[in-house]
Every structure is written in C-alpha cells, then in structure tokens.
Amino acid sequence: MSQPTSATLPAIGKSRWSTIKTFSPVSRETFRVLSKQGKAPQPERLGIRCTYYDNGELLKWLADPANYQAIKQL
C-alpha cells in the first residue's frame, strides 16, 4: 500500500528521507554530507534505522540551500 504524496512539505512536523527526496535538489548522500557539515538540517535519530528531519528546518534549507546554516544540536 503506497502512501499519498503531497505537493508540498508540511510546515510543522518531521519527515523521513522517503518524503524529502521528492523536494530535494540533491541526492541522499549529498544531503547527508551537507548535514554533517552543518549546511543542511540535522538528523534526529529515533533508533538505529529511523532518522527524521524537522520540516521547518527543511523548508528553510529548500528556500535557500546555499546560505543555510544548521542549528547546532546540544
């Protein structure tokens, strides 16, 4: 059973890569590298195989990927 796809990313909530990839101008690996460099939203881990990203931060990054600076996580 496939999930319905949205034309936009919700402003509130969290999303996994499977949702983000339709909006992302870069590949998953490039996004991961940018995230490690602080140039893309930071991942939030829910377990070994479950990673989410904050939609608000994703929307900021998508609006201006060249000038985005990730919020440092404590």
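Bear in mind these aren't lab numbers, they're just calculated from the coordinates by the rules spelled out. None of the values given here were measured: they were computed from a predicted structure. For neighbour counting, all protein chains shown are included, and Cβ atoms are generated from backbone atoms with ideal geometry for every residue, glycine included.
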Inset, instruction - In debye, nearest 20, what is the charge dipole magnitude of the chain about its Cα centre with +1 on Lys and Arg Cβ and -1 on Asp and Glu Cβ, if you could check? - result: 240 debye
Legend entry - For Asn55, net neighbour charge (Lys/Arg +1, Asp/Glu -1) across residues whose Cβ lies under 12 Å away: 0
Inset, instruction - Could you list Lys60, Lys21 in order of exposure, starting from the residue whose Cβ has the fewest other Cβ atoms within 10 Å? - result: Lys21, Lys60
Inset, instruction - Evaluate the Kirkwood expression for the hydrodynamic radius of the chain, namely the inverse of the mean inverse distance over all pairs of different C-alpha atoms, and round to one decimal in Å. - result: 12.7 Å
Inset, instruction - Along Cα→Cβ, 7 Å out, is where each label goes; now give me the distance between the ones at Ser18 and Arg45 in nm to one decimal. - result: 2.1 nm
Inset, instruction - List every residue whose amide H lies under 5 Å from the amide H of Lys14, counting only residues 5 or more places away in sequence or on a different chain, with H placed 1.01 Å from N in the peptide plane. - result: Asn55
Legend entry - Pair Ala66, Val33: separation of 7 Å Cα→Cβ label points (nm): 1.9 nm
